[in-house]
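Structure first, then comments.
Where a number appears in this text, it was derived from the coordinates with a stated rule and is not lab data. As the structure is a prediction and not an experimental result, all values here were calculated from the model. Here Cβ is always computed from backbone atoms with ideal geometry, including for glycine, and neighbour counts include all displayed protein chains.
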Amino acid sequence: MVLLILGIMGWFFLNISSVGNAFKEDIRLSAYLRTMNKDTIGQIQQFIAQKSYSKDVVYVDKASAKQIWNKENNEDWAKILDVNPLPESIDFFAKAAYVNKDSLVKIEAELMAAYGNQITDLQYPKELVNNLNERASKMGLIFLVVAIILCVIVIFSIDNTIRLAMFSNRFLIKTMQMVGATRGFIAKPMNIKAVINGMISSTIAIVLLFVLIGWAENQSPEIRTIRDVKLTLILFGGMIVLGVGISVFSTHRAVLKYLKMKLDELY
């Protein structure tokens, strides 16, 4: 149960960057056009598409711009205005690494330097970009602190549980020592049992976490878009290492403790 709780927290922590990146890459950048020449528009679109920072580059004409505006603002102004005042644009999304104030300013400067006569400006929600980066940094720090605290609690909880279990074997350990068994001989079978117990508990925790992740993805399909198989496998591996490592360490330490104690101290 403790490993499962740690796994859930670890899953949140490892995926928080993916969540932040998904939000960043959902911010639309619009390069508003002066020119109406289709060949020039195609050149500008190709220029943006070839850049390492861009993805999903599309040309948005006036009709499409109106549809986007109505969708985002949930209203239609056609009843008030006879003409469409929205300019044509080339819309694209930037990769997460470039969605910050400095990088977007450089992107805008690069576009204006190359096509300043055909582009009026590059529009994007500047306040949202700044707030998103600040909040992502704060959330990452909070989750890191919580994860460290939880990890310490997990280690002490498992350690105390194993030490309590080994307490019932203290007379068996001492008896084996009194008949001449070496420390290695006494500790070996118990360490092997600790490895098996750690593997079993880790496997159960991983299976339960896998089921919970699958359930969460079914409930919210958006979670599936941020899935990172590599990070998930690293998390599962970490749970196995932590479960087996703490189990073996605590068991071996408890065996040595009882071997060093005098017989009268065991009562």
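Against the set (i) 0.93; (ii) 1.27; (iii) 0.97, the structure's computed Rg/Rh (Cα atoms, Kirkwood Rh) falls on (ii).
Here the sum of -39500 (n - 2.57) over DSSP H runs of 4 or more residues, divided by the residues of the chain, equals -24000 deg cm²/dmol at 222 nm, to the nearest 500. Between the beta carbons of LEU233 and SER18, assuming R0 = 22 Å, the FRET efficiency works out to 0.90 to the nearest 0.05.
Calculate the FRET efficiency for THR203 and MET178 from the Cβ-Cβ distance with a Förster distance of 51 Å, rounded to the nearest 0.05.
Values: r = 37 Å, r/R0 = 0.73.
That gives a FRET efficiency of 0.85.
Estimate the FRET efficiency between GLU110 and ASP26 by the formula 1/(1 + (r/R0)^6), using the beta-carbon distance for r and 30 Å for R0, to the nearest 0.05.
Details: r = 22 Å, r/R0 = 0.74.
For R0 = 30 Å, the calculated efficiency reads 0.85.
In this structure, the residue pairs whose Cα-Cα separation is over 18 Å, taken from LYS38/LYS95; LYS24/LYS71; LYS24/LYS126; LYS95/LYS138; LYS71/LYS126; LYS38/LYS106, are LYS38/LYS95; LYS24/LYS71; LYS95/LYS138; LYS71/LYS126; LYS38/LYS106.
Annotation for ILE148 and TYR59: the two label points, set 7 Å from Cα along the Cα-Cβ direction, are 5.4 nm apart. Each of ILE246, ASN130, TRP215 was scored by the projection of its Cα onto the charge dipole of the chain, and the greatest displacement toward the positive side belongs to ILE246; charges sit on the C-beta of Lys, Arg, Asp and Glu.
Distant-in-sequence amide contacts of ILE119, defined by a placed amide H-H separation under 5 Å and a gap of 5 or more residues or a different chain, comprise ARG34. Mean-square fluctuation check for the chain, GNM, Cα pairs under 10 Å: which of LEU29, LEU233, LEU122 is largest? For the chain, modelled as a Gaussian network with Cα springs under 10 Å, the answer is LEU233.
What number comes out for the charge environment of GLU108, summing +1 per Lys or Arg and -1 per Asp or Glu over other residues with Cβ under 12 Å away?
Numbers: positive: LYS101, LYS106, LYS126; negative: ASP102, GLU110, ASP121.
Neighbour charge sum, excluding GLU108 itself: 0.
Inter-label distance, LEU164 to VAL195: 2.7 nm, where each label sits 7 Å from its Cα along the C-beta direction.
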